[in-house]
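Beneath this line is the structure, given in structure tokens, with notes to follow.
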Amino acid sequence: MPRGLAWLLLALVLVALPHGLSFSQQEILVFLTINVLLVASYRLLTLTGEWSLGHVVIMGVGAYASALLSKRLGIYVPVAMLLGAGVAALVAYILSFPLFRMKGFYFLIGSFAAGEVIRLLWKRFRDPFGGPKGLKRIEGMPDLDLGVYALDFFEPITYYYFAAAVVAFCLWIMWRIERSPVGLTFHAIHWQDKLAEASGVNVRAYRTRAFVLASGFAGFSGALLAHYIGTINPNSFDVEQMVFVLTWAIVGGTATFYGPILGCIVLTVLNEIVLREMGFEQMRPLVYGLIMILSVLFLPKGLESVVQRVLSARKTG
Amino acid sequence: MSRPLLEVAKLTMRFGGLTAVDELSFRVEQGAIHGLIGPNGAGKTTTFNVISGFYKPTAGEVRLRGEVISGLKMSQVARRGVVRTFQHSTLFAELTVRENALVGTHMAFRPRILSALLGSDTQDRRAAQARAEEALDFFGLLALAEVMAGDLPHGHQRALGMAVALAARPEIVLLDEPFTGMNPEETREMMELMRKLRDSGVTILLVEHDMHAIMGLCDRITCMSFGKLLAEGNPQEIRNHPEVIRAYLGGARHVA
């Protein structure tokens, strides 16, 4: 079966990938893996048609919660990560009450304001959030002794394998949701919320559902990040990061599941390999802005539209 | 006298200083095709919007089998069996015809995230597919199931709007100008389908400008003018009603 073969090939590439990279590139690969989960969860949120500017802060909620749970209460790190995702989802649920009184542009601004409130709370309350300096010395993933081989998660390669496995699992869940009748309902709300409502869909409840689910996955990506880099602060989750997520999603395109992921990968590779090699790193916001404008002008349906064209050309040709 | 299926009682809807619907009362009997007519701006669509829960009435009530449904959200009204279509071609344009009809089955097969993940909802999905196909087949759209709804010709789009409503198996459908933009042939076919729908037990309330269709189709007609009830009766009575004639002759340009 060629489809199964393609997946197997992809898995092999992903397994082999870090061995061909330098140490610092391996680190970038870990961040990339985490960002793939973040941007994919962002797409889940946008399925009902609402775009949020608070998604990275929600990721931070997961990071802070997981870090504090493991630091203060000594909860086993993988469990703390799951709880962190749960806290992010819970915070999103509470935020949904004021936020989903708004739609469209107002929701966008409302989500930004809500995110800033959370970020200022982190800054203001030194206990427990550590103030502007944030949290340091966050517990890493504990070593896992498999008997024959001990997994040391301080190694980027090991953490990459761990992150890639759980991110792949999360992506699979999101894919299943989108392909299910629940996903169809999300799409329906996006295209015609009035008609969906007239068909008996509780639009508000479904918007909340997409928001809470997406926030849970974003929180989990935050937890993955926190326990890898070991230190987080309020500025790790500021609006500049949010703009990067938006850029990935817009440049990649949000019509397909893989669009935002593609955007994230292409722009990260461009940024880390090309810009860094050329010593242009400081220009990242400038280059990102330029790419965003160019892609809106010349590739309004995103990188995914290129892939779709290639795929359909192969099918017919 | 038996209780009517749908009862509109002293319904008033004001927008600021404008009274769009003014103490309107009428009843829709079970199993009837009931027409709501009147010159442009008479408040027909506003009445629809109140019945379907899109607006909350300023005063008065809408009752379904005696239960007050005015003031409920649109989805809650729909769950009680009152499903509407919209003017123009309000569809999920970027979804396929089949997917449009599947959204219509939402109430009967409530999607659940967990069972979708575990794959334990295959039976529901199959049943929803079957029901969606049945609704498409009724309106002759099954052959177009994989076409994007936005790419359909106008007449088919109107039919699909009704198929989405039918897939919900409503007790009563509210059709907002179903014949707009149809040629005489399509109109005739659609009238036939509506009679078939009525015979299958669905009550129909429709707003329409096409007098020929209204007179040929309806069992009972309510005529409105400037938000108020003007006349009610069967097509014969309405056609000869002096008030109705005056309202329409005064604004003859509205008569299709």
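The values are calculated or read from the model by the stated rules, or taken from the named source; none is laboratory data. Treat the numbers as computed from the prediction; the structure is a model and nothing was measured. Ideal geometry is used to build each Cβ from the backbone, glycine not excepted, and the neighbour counts take in all protein chains shown.
Quick notes on this structure:
- Looking only at the stretch B:88-102, residues that are part of a loop (DSSP other than H, G, I, E, B) and among the charged types (D, E, K, R) come to 1 in all.
- Members of the stretch A:230-264 that are assigned to a helix (DSSP H, G or I), touching a residue at least 60 places away in the same chain (Cβ under 8 Å) and of a type in the set (Val, Ile, Thr): A:Val239, A:Val245, A:Ile261
- Residue within the stretch A:208-224 that is facing chain B (nearest Cβ under 8 Å), under 21 Å from B:Gly119 (Cβ atoms) and of a type in the set (Lys, Arg) present: yes
- Residue among B:Ser52, B:Ser75, B:Ser2, B:Ser25 that alone is at pLDDT below 90 and polar (S, T, N, Q): B:Ser2
- Only one of A:Val79, A:Val61, A:Val117 that is at pLDDT 95 or above, of a type in the set (Val, Ile, Thr) and crowded, with 17+ Cβ neighbours inside 10 Å: A:Val61
- Taken as a whole, the condition of being outside the structural domain of A:Arg119 (by TED's automatic domain parsing) and within 25 Å of A:Gly49 (Cβ to Cβ) applies to A:Leu297.
- Whichever residue in the stretch B:81-102 is among the β-branched types (Val, Ile, Thr) and within 10 Å of chain A (Cβ to nearest Cβ) and, among such residues, is surrounded by the fewest Cβ atoms within 10 Å (Cβ to Cβ): B:Thr90
- Tally of residues being free of Cβ contacts under 8 Å to residues at least 24 places away in the same chain and either surrounded by 14 or more Cβ atoms within 10 Å (Cβ to Cβ) or of a type in the set (Asp, Glu) (or both) across the stretch A:100-112: 2
Let's see how each residue does on (1) assigned to a helix (DSSP H, G or I); (2) over 20 Å from B:Ala20 (Cβ atoms); (3) more than 17 Å from the chain's Cα centre (by Cα):
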residue	(1), (2), (3)
B:Thr180	no, yes, no
B:Glu186	yes, yes, yes
B:Met191	yes, yes, no
B:Ile204	no, yes, no
B:His209	no, no, no
B:Thr222	no, no, no
B:Glu232	no, no, yes
B:Ile238	yes, yes, yes
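- Candidate set: the stretch A:162-193, residues that are more than 7 Å from every other protein chain (Cβ to nearest Cβ), under 26 Å from B:Gly150 (Cα atoms) and not aromatic (Phe, Trp, Tyr); chosen: the one surrounded by the fewest Cβ atoms within 10 Å (Cβ to Cβ): A:Arg179
- A single entry from B:Ala42, B:Ala59, B:Ala78 fulfils the requirement of being crowded, with 24+ Cβ neighbours inside 10 Å and touching a Ser or Thr at 6+ places or on another chain (Cβ under 6 Å): B:Ala42.
- Taking first residues from the stretch A:166-192 that are assigned by TED's automatic domain parsing to the domain that holds A:Asn35 and partners that are in a helix (DSSP H, G or I) and of a type in the set (Phe, Trp, Tyr), the Cβ contacts under 7 Å between residues at least 6 apart in sequence or on separate chains come to A:Cys170/A:Phe217; A:Cys170/A:Phe220; A:Met174/A:Phe217; A:Thr185/A:Tyr206; A:Phe186/A:Tyr206; A:Ile189/A:Tyr206.
- Among residues of the stretch A:82-98 being buried (at least 23 other Cβ atoms within 10 Å of the Cβ) and either farther than 21 Å from A:Phe169 by Cα or without any contact (Cβ under 8 Å) to a residue 60 or more places away in the chain (or both), the one that is farthest from the chain's Cα centre (by Cα) is A:Leu95.
- In the stretch B:3-21, the residues that are more than 17 Å from B:Val82 (Cα to Cα) and crowded, with 19+ Cβ neighbours inside 10 Å: B:Leu11, B:Met13, B:Ala20, B:Val21
- Residue list for the stretch A:11-31, restricted to those being within 27 Å of A:Ile177 (Cβ to Cβ) and crowded, with 18+ Cβ neighbours inside 10 Å: A:Leu29, A:Val30, A:Phe31
- The stretch B:190-209, residues that are more than 10 Å from B:Gly35 (Cβ to Cβ) and touching a residue at least 12 places away in the same chain (Cβ under 8 Å): B:Met190, B:Met191, B:Leu193, B:Met194, B:Arg195, B:Lys196, B:Leu197, B:Arg198, B:Gly201, B:Val202, B:Thr203, B:His209
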